[in-house]
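Notes to accompany the following structure.
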Amino acid sequence: MSSFADQLLVLVMLINFAVLGSSRIALAIRAVAAQGVVLGLLPWLIHPFSWHLLAIMVGIILAKGLLIPWLLTGAVRKAEIRRETEPFVGYVTTLIIGALLTAFAFVFAEKLPLAPAHQGLLFVPASVATVLTGFLVLTTRRKAITQVIGYLVLENGIFIFGLLLTEAMPVMVEAGALLDLLVGIFVMGIIINHISREFSSIDTSRLTTLKE
Amino acid sequence: MTAGNLIIAAILMTALSGIPALFLRNRTLGQNLATAILVLGSLIGLAGAITTLGSGRTEIYGIAWSLPFGPCEIGVDPLGAIFLLVVFAISGCCAVYATGYWPAADNPATVHRITFFFGLLTAAMALLVTARNGVLFLMAWEVMALSCYFLLSTEDEKADVREAATLYLITTHLGTLSLFAMFSLLQGAAGSFLFPPAGSLNAATPLATGIFVTALLGFGLKAGLMPLHIWLPSAHANAPSHISAFMSGVLIKMGIYGLVRSLSLFHNIPLWWGITVLVIGIISGVAGVAFAIGQHDLKRLLAYHSIENIGIIAMGIGVALIGQAVGNTILILLGMAGALLHVLNHATFKALLFLAAGAVIHATGTREIDLMGGLARRMPYTAAFFLVGAVAICGLPPLNGFVSEFLIYVGLFSGILGEGGTAVAFLALSAPALALIGGLAVACFIKVYGVAFLGVPRAEEAAHGHEAVRVMLAPMALLATICMGIGIFPRMMAGPLAGAVHSWQPAVGMTGPALTAAAPLGWITIMGLVQICLAGGVAAHFIGRLKAEPVSAGVTWGCGYLRPTPRMQYTASSFAELLVKTFAGILHPHVTSPAMKEPLPGPARFASHVPETMLEHVFMPVLRLANDRLAQLRRLQHGQLHLYILYTFVTLVVLLIWAY
């Protein structure tokens with residue numbers, strides 16, 4: 001079973017590159033949605049079946065695969081943008097940096113003092129690589145909406161690590177994390193609207209005018 | 001019910017007292033309900049504090065909490081009970097006063113806010129005093145600091161208030177920063193965030209020195225010790241008067257509590273600790289009262305007297321520390337008992353003075369002493385209460401200020417007689433300094449009372465001043481009674497004080513007679529009663545003469561001027577001019593006086609003003625210099641969201657590589 005989980009994790013990392021390399025925002029949203037669905041399937045592969053687990057999986061798939069992408073697509077349509085036109089760093093460059101960071105994540109994971117049960121698995125490198133990818137998206141992209149995508153990728157990375165840490169996740173913790181994310185998306189949605197109304201664009205670099 | 005349960009109930013009641021008022025549409029009902037709950041909570045808390053002081057027992061309770069800071073305990077002991085007494089007594093009085101001074105009907109927009117934060121502030125202080133865990137202490141400390149900030153900025157539409165509140169917020173957080181360092185060091189020394197038992201840590205280590213210095217900085221900022229007092233005058237002057245009373249009476253005492261509590265943890269205290277605290281006390285006392293003399297703003301003047309009295313308290317603590325260093329229990333007993341009693345006394349008479357000042361400001365609509373005058377005729381009760389507070393703060397018998405200063409004097413003298421070496425020089429310097437403080441305070445309050453309450457009105461507002469309403473007078477009457485009670489019957493405080501000193505320093509025997517043997521408290525009662533009889537006799541004699549002989553009303557003799565005007569009276573500046581000139585070296589007064597060259601000069605103006613010298617001449621230039629020199633660093637704060645995230649990103653990667 002764990003080999004299948006590893007294959008899914010490789011898929012997750014490939015999706016990271018899809019997010020990094022695409023200029024079309026709709027594609028990036030769909031990629032993150034797919035990543036969410038894959039992550040939703042993972043607990044079923046590594047933990048024994050229980051109704052509690054099923055509820056968590058359904059919740060994650062619904063939230064990450066349907067609800068959040070739907071909200072984001074709505075925001076994109078409202079703000080009338082399709083592409084991330086002028087990122088701070090070009091797509092090819094970010095792809096290369098992303099590849100380097102993923103490699104670094106593998107090297108780093110080797111050195112971590114993990115429990116023997118987790119030693120050979122891809123969980124830790126995939127998690128670190130996804131977190132770093134999220135950060136990369138956050139720092140290199142200009143539009144508020146791509147920033148939200150960056151946060152989502154970041155959260156997915158943390159989620160992978162969480163899978164490893166807890167044998168059976170308490171419902172409350174998981175629900176809390178999901179709720180956090182959902183509220184975060186709502187807030188970002190509101191901010192996006194405000195930014196686009198205030199500056200007639202959703203370019204976050206315009207926010208410098210707000211500094212003291 | 002044990003004392004601890006009473007205190008915990010009181011903390012909960014006061015904390016929640018303001019919540020109904022937040023939701024009630026009827027603001028007056030909300031305010032009255034909040035006041036009723038708060039007063040009831042305060043009474044319960046007072047019962048708990050008095051029970052503890054009476055029994056001398058220490059009660060410790062464990063709290064089950066899930067925070068990762070080790071076990072949490074709260075405890076009530078006689079040392080804390082003295083401070084709880086202050087918190088609950090003054091809080092209750094100020095809350096009742098507020099219903100007359102800040103009525104809901106006149107202030108519908110702010111009243112729910114002020115009552116809510118007032119209850120929260122009271123509860124935070126009580127929790128602070130009972131906390132036995134450094135983290136819980138800091139939590140209560142922050143709740144206290146922030147709720148006080150919101151109270152202080154009640155009238156935030158005024159620029160002065162905003163400025164004072166911001167200054168307060170900055171300084172209080174600087175103090176908290178120092179306390180974070182202090183409790184981290186303490187955790188290092190004691191092995192846990194739980195306070196170790198009194199006298200269990202060795203003070204002769206570098207770690208202990210670090211704890212002492214950070215505690216002095218952090219708690220000194222809150223207490224308003226010079227030169228860390230910069231926030232205090234403007235904060236006290238710009239808050240609503242009952243808040244000023246609570247801040248001056250209680251809030252700054254929390255700094256003293258923190259200092260006393262953290263010093264109680266040590267044994268083997270080096271001599272320089274005591275000398276440092278004593279010298280800082282002398283500086284605060286003398287400079288505080290010197291600044292007070294130069295003020296024209298009634299509340300600012302009272303605020304500087306708070307600094308003076310904090311100085312006196314610090315002197316008492318210094319004497320106790322010196323006693324501990326040289327192993328003289330009488331010094332410990334007298335110094336600490338004097339300091340703790342002065343905490344209680346200053347809280348009562350300073351709250352009384354601020355409440356009376358509030359009544360005056362309410363009536364005249366100004367804080368300028370030079371615009372008042374003749375108020376004793378229109379506000380006889382307020383004037384009488386203010387007089388009681390003024391005599392008490394000057395340290396004159398038969399009021400309570402005398403008793404605590406007397407204990408410190410006796411401590412100083414017995415130290416000078418009994419000891420040899422370095423300590424004697426400093427103790428010998430302190431006695432005249434304390435006398436100087438007392439003398440200057442008398443001069444200052446003669447100025448205030450004479451200019452504001454005697455004479456004839458100098459401005460329209462003062463002429464139309466009206467007496468305060470009963471709910472404002474009743475708390476003042478209660479506080480005045482406490483001032484006189486402690487002043488005339490100080491023996492009743494001997495037992496509680498000795499118990500508190502014992503819980504501060506277990507080496508000192510917990511017996512009331514030791515204190516009464518060391519200081520002749522019984523004689524104070526006799527002398528006080530004789531004094532009252534004499535004063536009463538003289539007064540009766542003159543009243544009799546007034547009745548027996550014909551009386552004619554006329555103006556005061558004005559040196560031969562035919563048409564005396566109210567402007568010919570002594571003003572606050574002219575009365576204080578000699579003393580302000582004497583202290584010009586530290587006060588740096590701003591004086592704008594006209595140059596009169598011709599024999600018949602035209603109209604001219606004279607104005608003098610004593611600024612907050614420490615702030616204007618020391619702190620602001622240093623901060624301005626830092627501002628200029630650190631301009632380069634400000635480039636880091638450029639407003640680019642991406643680069644902010646990049647900072648985090650780079651830090652994360654660097655940490656990962658470093659760990660690798």
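Any idea what diffusion coefficient region B:269-539 gets from Stokes-Einstein, in µm²/s, Kirkwood Rh on alpha carbon pairs, 25 °C, 0.890 mPa s? D, rounded to a whole number, is 129 µm²/s.
Rounded to whole Å, give me the distance from the Cα center of region A:34-85 to that of region B:421-443. Each part's Cα centre sits 75 Å from the other's.
What you get for region B:38-149, charging only the Cβ of Lys and Arg (+1) and of Asp and Glu (-1), is a dipole of about 40 debye around the Cα centre.
Averaged over the residues of B:643-650, the number of partner chain Cβ atoms lying within 10 Å of the residue Cβ comes to 5.
Of the chymotrypsin sites (Phe, Trp or Tyr not before Pro) in region B:479-558, the ones in a loop by DSSP (not H, G, I, E or B) with at most 15 other beta carbons within 10 Å are B:W557.
Please determine, in degrees from 0 to 90 and to the nearest 10, the orientation of helix B:521-548 with respect to the longest principal axis defined by the Cα atoms of chain B, where the helix direction is its Cα long axis. Helix B:521-548 sits roughly 20 degrees off the main axis of chain B. Each of B:Q187, B:I60, B:L136 was placed along the dipole of region B:1-265 (beta-carbon charges, centred on the mean Cα), and the one lying farthest toward the positive end is B:I60. Working from Cα pairs under 8 Å separated by at least six residues, relative contact order for region B:326-446 is 32 percent. Taking only the Cα atoms of region B:613-659, the radius of gyration and Dmax are 17.2, 51 Å. For region B:258-326, the alpha carbon convex hull comes to 59 Å³ per residue, rounded to a whole number.
With Rh defined as the Kirkwood radius, the inverse of the mean 1/r over Cα pairs, the Rg/Rh of region B:505-577 is 1.32. Only Cα pairs under 8 Å and 6+ residues apart enter the sum, and on that basis the relative contact order of region B:315-380 stands at 22 percent. With the alpha-carbon atoms of chain B aligned to their principal axes, the span from lowest to highest coordinate is 95, 67, 58 Å, starting with the largest.
The residues B:Y561, B:Y101, when put in order of fewest to most other Cβ atoms within 10 Å, stand as B:Y561, B:Y101. Taking the Cα centre of the protein assembly as shown as reference, the dipole from Cβ charges on Lys and Arg (+1) and Asp and Glu (-1) amounts to some 1080 debye.
Note on region B:496-644: Cα-Cα pairs beyond 24 Å make up 75% of the total pair count.
Here the ratio of the Cα radius of gyration of region B:1-265 to 2.2 N^0.38 Å is 1.00. For region B:1-265, the dipole from Cβ point charges (+1 on Lys and Arg, -1 on Asp and Glu) about the Cα centre works out to 200 debye, to the nearest 20. Loop-located chymotrypsin sites (Phe, Trp or Tyr not before Pro) across region A:1-110 with a Cβ neighbour count of 16 or fewer within 10 Å are A:F49, A:F88, with loop assigned by DSSP. The mean sequence distance of close C-alpha pairs (under 8 Å, at least 6 residues apart), as a share of the length of chain B, puts its relative contact order at 13 percent. Ranked by the mean number of other Cβ atoms within 10 Å of their residues, highest first, the peptides B:156-164, A:138-146, B:106-114 come out as A:138-146, B:106-114, B:156-164. Measuring nothing but alpha carbons in region B:189-277 and taking Rh as the Kirkwood radius, the Rg to Rh ratio lands at 1.07. Round to the nearest 10 and give me the degree value, 0 to 90, for the angle of helix B:252-264's Cα axis relative to the longest principal axis of chain B. For B:252-264 against chain B, the angle is about 40 degrees.
From the P(r) of the protein assembly as shown, could you give the percentage of C-alpha pairs in the tail past 48 Å? Taking all Cα-Cα pairs of the protein assembly as shown, the fraction more than 48 Å apart is 38 percent.
The Rg/Rh ratio of region B:1-121, with both radii computed over alpha carbons and Rh defined as the Kirkwood radius, is 1.06.
Computed from the coordinates by the stated procedures, all read-outs in this text should not be read as laboratory data. Keep in mind that what you see is a predicted model, and the values were worked out from it rather than measured. Neighbour counts are summed over all protein chains in view; Cβ atoms, including those assigned to glycine, are modelled from backbone coordinates with ideal geometry.
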